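Bear in mind that the values in this text are calculations on the coordinates, not laboratory data. Treat the numbers as computed from the prediction; the structure is a model and nothing was measured. We place every Cβ from the backbone using ideal geometry, glycine too, and count neighbours over all the protein chains shown.
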Amino acid sequence: MIMSQDVLDNSVSFKLQSQDLCLWYGKFQALNNINISIKPKCITAIIGPSGCGKSTLLRCFNRMNELIPYCRVTGSVKLDGQDIYTTLKPESLRKRVGMVFQRPNPFPISVFDNIAYGPRVHGIKNQLQLLQIVESSLKATALWNQLKDKLHIQATNLTPEQQQRLCISRAIAMAPEVLLMDEPCSTLDPIATAHIEELMRELCSNYTIVIVTHNMQQAARISHYTGFMLLGNLIEFGPTEKIFTNPEDKRTDEYITGRYG
């Protein structure tokens, strides 16, 4: 795998790092010795053809693969230098590393209760404090003005874009350090996609964002760093501009230029 020099520089501080990360589903090896270092408060995009391991890698960052039977992981993933598989409980990890999925998945309860759900699980019961969390989380995703008088309505009645923003708000309500986004715009129209992309640009001033996307143009538009995956391997990783204009691996160039995938 090829990496740019600044990514390899040990003096650089990283938020997430994997070392020799491998994952098996039963006898099938889905990830092969993944080594990646993700900088804080940047957007990192993971691209590659379907089935290459993008979403599997993303789920490793908050241990969601452990929910899948017959899944086995070796190697390490570190959050601020702390190995998440040996020193952090999944509940503590997922509070620090939030996840937004491909399809909006609001709970079939009110807008307020969707966002308050996580804080309540973690012990916050004071209604005024919960309202403050709901308000700040909706403001962060530009939903407060639209929904401040509709906090009681069922979240599944919102538009698809509002539902996805709400899911981001729900993740933010836990005050995470990292946001993982698995194809967050794949079910949205172009206008809604542009709005979510602008939101991601704004959020990365406060959060480390890792996004999986099939949309290479999206990766080029919004990310600071890009990793290209193929058949469970991380082929090349570096600054997005370099990956898209001057890749070092022939396979990256062939994928970027649309020769396969």
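Of the numbered criteria (1) free of Cβ contacts under 8 Å to residues at least 60 places away in the same chain; (2) closer than 18 Å to VAL212 by Cα, the one LYS41 fails is (1). The residue of the stretch 48-102 that is surrounded by the fewest Cβ atoms within 10 Å (Cβ to Cβ), among those that are farther than 17 Å from ILE172 by Cα, of a type in the set (D, E, K, R) and over 15 Å from the mean Cα position of the chain (by Cα), is LYS89. When restricted to residues that are out of contact with any strand residue (DSSP E or B) (no Cβ under 7 Å at 6 or more places or on another chain) and not in a loop (DSSP other than H, G, I, E, B), the stretch 94-126 contains 13.
For the stretch 147-189, filtering for residues that are farther than 26 Å from GLN218 by Cα, of a type outside the set (Lys, Arg) and more than 20 Å from the chain's Cα centre (by Cα) leaves 9.
Determine whether the stretch 164-171 contains at least one residue that is crowded, with 20+ Cβ neighbours inside 10 Å and polar (S, T, N, Q). Checked the stretch 164-171: at least one residue is crowded, with 20+ Cβ neighbours inside 10 Å and polar (S, T, N, Q). So, LYS27, is that one loosely packed, with under 15 Cβ neighbours inside 10 Å, among the charged types (D, E, K, R) and either over 24 Å from ASN206 (Cβ atoms) or in contact with a Leu (Cβ under 7 Å, 6 or more places away or on another chain) (or both) or not? Criteria met by LYS27. When residues in the stretch 57-79 are screened for being touching a residue at least 60 places away in the same chain (Cβ under 8 Å) and more than 23 Å from GLY118 (Cα to Cα), 3 of them pass.
Only a single item in (1) at positive phi; (2) out of contact with any Leu (no Cβ under 8 Å at 6 or more places or on another chain); (3) surrounded by 14 or more Cβ atoms within 10 Å (Cβ to Cβ) is not met by GLY123, and it is number (3). A single member of THR56, THR44 is part of a helix (DSSP H, G or I) and among the β-branched types (Val, Ile, Thr), and it is THR56.
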